[in-house]
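The values are calculated or read from the model by the stated rules, or taken from the named source; none is laboratory data. A quick note: this is a predicted structure, and the numbers were derived from the prediction, not measured. Counting neighbours? That spans all protein chains shown, and the Cβs are built from the backbone with ideal geometry, glycine included.
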Ligand SMILES: [Zn+2]
């Protein structure tokens with residue numbers, strides 16, 4: 001099992017802890033709200049700076065929901081992992097699949113590639129956010 005290195009600052013460590021306790025990607029404001037409810041105050045600008053550093057370090061990744069809202073979540077610690085993310089509510093579900101892992105390894109070998117990151121984040125709509133099915137129209 002891969003371990004994620006401890007972030008270099010206490011603020012970054014607190015932010016990573018917030019993400020570790022969530023099953024969804026979060027906006028920076030949501031991260032700050034969660035930090036404020038569990039510990040000492042932290043400025044929004046500080047959270048932005050820490051999230052930027054965690055992105056650059058490869059600890060976090062960025063996605064977009066509702067067409068334009070930036071949200072952030074933890075990258076898989078091992079550089080591999082398959083996840084589904086709802087593009088409406090940012091729910092994230094692990095969906096590791098041995099067949100996909102095997103396909104990645106075989107395809108990389110076939111083309112002479114050495115894969116350094118095989119994580120996959122698929123986006124769609126979760127069951128709770130899916131639009132209702134159209135009413136059934138009976139043929140007469
Ligand atoms: Zn959803």
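Every listed requirement among (1) loosely packed, with under 14 Cβ neighbours inside 10 Å; (2) touching a helix residue (DSSP H, G or I) at 6+ places or on another chain (Cβ under 9 Å); (3) at pLDDT 95 or above is met by residue 54 save one, (1). Among the conditions (1) in a loop (DSSP other than H, G, I, E, B); (2) at pLDDT below 95; (3) surrounded by 14 or more Cβ atoms within 10 Å (Cβ to Cβ), residue 126 misses just one, which is (2). Consider residue 136 carefully, then state whether it is under 19 Å from residue 61 (Cβ atoms) and either away from the ligand (no atom under 16 Å from the Cβ) or in a loop (DSSP other than H, G, I, E, B) (or both). The answer is no for residue 136. Residue count for the range 37-85, restricted to those that are closer than 30 Å to residue 114 by Cα and within 16 Å of the ligand (Cβ to nearest atom): 7. Annotation note: Cβ proximity below 7 Å between a residue of the range 66-86 that is under 21 Å from residue 105 (Cβ atoms) and a residue that is crowded, with 19+ Cβ neighbours inside 10 Å (sequence gap 6+ or interchain) occurs for 75/59; 75/60; 83/92.
I'd like to check something: does the range 5-27 contain any residue that is more than 28 Å from residue 88 (Cβ to Cβ), touching a helix residue (DSSP H, G or I) at 6+ places or on another chain (Cβ under 9 Å), at pLDDT 95 or above and not in a helix (DSSP H, G or I)? Scanning the range 5-27, I find no residue that is more than 28 Å from residue 88 (Cβ to Cβ), touching a helix residue (DSSP H, G or I) at 6+ places or on another chain (Cβ under 9 Å), at pLDDT 95 or above and not in a helix (DSSP H, G or I), so the answer is no. When we screen 6, 62, 75 for residues that are in contact with a strand residue (DSSP E or B) (Cβ under 9 Å, 6 or more places away or on another chain) and surrounded by fewer than 18 Cβ atoms within 10 Å (Cβ to Cβ), the only hit is 62. Taking every residue in the range 101-117 that is loosely packed, with under 12 Cβ neighbours inside 10 Å and pairing it with any residue that is at pLDDT 90 or above and in a helix (DSSP H, G or I), at least 6 positions away or on another chain, the pairs with Cβ-Cβ distances below 9 Å are 113/107; 114/108.
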